[in-house]
Amino acid sequence: MIVLKSPAEIEKMRVAGHTVASVLDAVGEAVRPGVSTWELEEIADRMSQEAGGRPAFKNYRVGKHVFPCCLCISVNDEVVHGIPSKERILQEGDIISVDYGIQIDGYFGDSARTFAVGEVSNEAQKLLDVTQESLARGIAMMDSNHRLQDIGSAIESYVLEHNFTVVRDFVGHGIGRELHEDPQIPNFGKPGRGIRLRPGMVFAIEPMVNVGTHEVKILDDGWTVVTCDRSLSAHFEHTIAITENGPDILTLSS
Ligand code: MG
Ligand code: MG
C-alpha cells in the first residue's frame, strides 16, 4: 500500500531531508586521501545526535545481521551497504559512496552521494557524472503525467547510452514514517508501465551504476555488496515528493 503524504507531512520530511543533506555536505568536505571511513562515521554520528534524530541505518536488521553504523560507506567496487572501519583508509583515486538517513519527528530522509578522493581516473569521473545525471533523469519523470516505470526507464536508458550498467538487485522505495515503504522502484523499466504517479507520493530514488557487469554479490560480513567483476560502482540518491507542480527534492543542500 502506498501511503500518500499531506503537505504538512512533506514539510516534516523536508526537515529530515535537510539534516541528511547537511551530514552529506560535512562528510564530503572531510573526504580526502589518508582519512579512514570511521572518521566519516564519527562526523555523521555527532551530527545525528545534534539534530535530535534517530540514524536510520544504525541497528537496522536484516535476518540475523544488524548494521552497526550511521553511514553506509562503499569504496570503489563496493556498491552499497559497506561498513565504516578504522582500517579502511581512503587513497588518492578512490571513489566513495556514502549513504545516510535519519528519522526526525517521526519522518525519514534518505540520500546518497559518491565522492572522488583526490584526483580520479577519467572513467571514474564519468561514472560519477553519469550516475548523478541518471538520478536527475529519473526525478524529472516524477509528476502526475507519468507512471512508475517511467522513472526506472529514464535512469536505465541514460546509463546504457553511456555503456555502464544498472544494478537490478537493489531498488528505490517509498519513504515516510517508515524508511522503506511501498512501492519498490527499480532503476529499470518500460515506459508507460506501472501505477500513475500522484501528488503526495514520496520516493527515495537511488540508481546504483557499475562500469562492468550489473551483477552483484554480498560479502561474508552479511552487508557489503560488491560488483561480481570487481569493477567500479557509484550510487546517488534523493528523497523526492511529488507535488501538483512536479518533483520537490527534499534532500538538497541549502
Ligand atoms: Mg539511502
Ligand atoms: Mg534508500
Here the residues within the range 81-119 that are over 21 Å from the mean Cα position of the chain (by Cα) and either under 27 Å from residue 139 (Cα atoms) or crowded, with 24+ Cβ neighbours inside 10 Å (or both) are 105
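Picking from 10, 102, 43, which residue would you name as being assigned to a strand (DSSP E or B) and either in contact (Cβ under 8 Å) with a residue 24 or more places away in the chain or more than 14 Å from ligand 2 (Cβ to nearest atom) (or both)? Walk me through it before giving the result.
Numbers: 10 fails: assigned to a strand (DSSP E or B); 43 fails: assigned to a strand (DSSP E or B).
Result: 102 is the single residue among 10, 102, 43 that is assigned to a strand (DSSP E or B) and either in contact (Cβ under 8 Å) with a residue 24 or more places away in the chain or more than 14 Å from ligand 2 (Cβ to nearest atom) (or both).
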Looking only at residues that are buried (at least 21 other Cβ atoms within 10 Å of the Cβ) and of a type outside the set (Val, Ile, Thr) in the range 237-246, which one is nearest to residue 5 (Cα to Cα)?
241
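State the number of residues belonging to the range 199-215 that are more than 24 Å from residue 103 (Cβ to Cβ) and either within 16 Å of ligand 2 (Cβ to nearest atom) or not in a strand (DSSP E or B) (or both). Break it down stepwise before answering.
Residues of the range 199-215 that are more than 24 Å from residue 103 (Cβ to Cβ), as a first pass: 209-215.
If we keep only those that are either within 16 Å of ligand 2 (Cβ to nearest atom) or not in a strand (DSSP E or B) (or both) too, we end up with 209, 211-215.
Qualifying residue count, the range 199-215: 6.
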If we keep just the residues of the range 202-236 that are surrounded by fewer than 21 Cβ atoms within 10 Å (Cβ to Cβ) and among the small types (Gly, Ala, Ser), which is nearest to residue 17 (Cα to Cα)?
222
Find all pairs meeting these conditions: Cβ atoms under 6 angstrom apart; at least six residues apart or on different chains; first residue within the range 55-68 and farther than 16 Å from residue 111 by Cα and assigned to a strand (DSSP E or B); second residue of a type outside the set (D, E, K, R) and within 16 Å of ligand 1 (Cβ to nearest atom).
66/59
For the condition surrounded by 20 or more Cβ atoms within 10 Å (Cβ to Cβ), among the polar types (S, T, N, Q), touching a residue at least 24 places away in the same chain (Cβ under 8 Å) and more than 16 Å from ligand 1 (Cβ to nearest atom), what is the one hit in 153, 144?
153
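Only the coordinates and a few stated rules stand behind these numbers; no lab work does. As the structure is a prediction and not an experimental result, all values here were calculated from the model. All Cβ positions, even for glycine, are placed from backbone atoms using ideal geometry, and neighbour counts span all protein chains on display.
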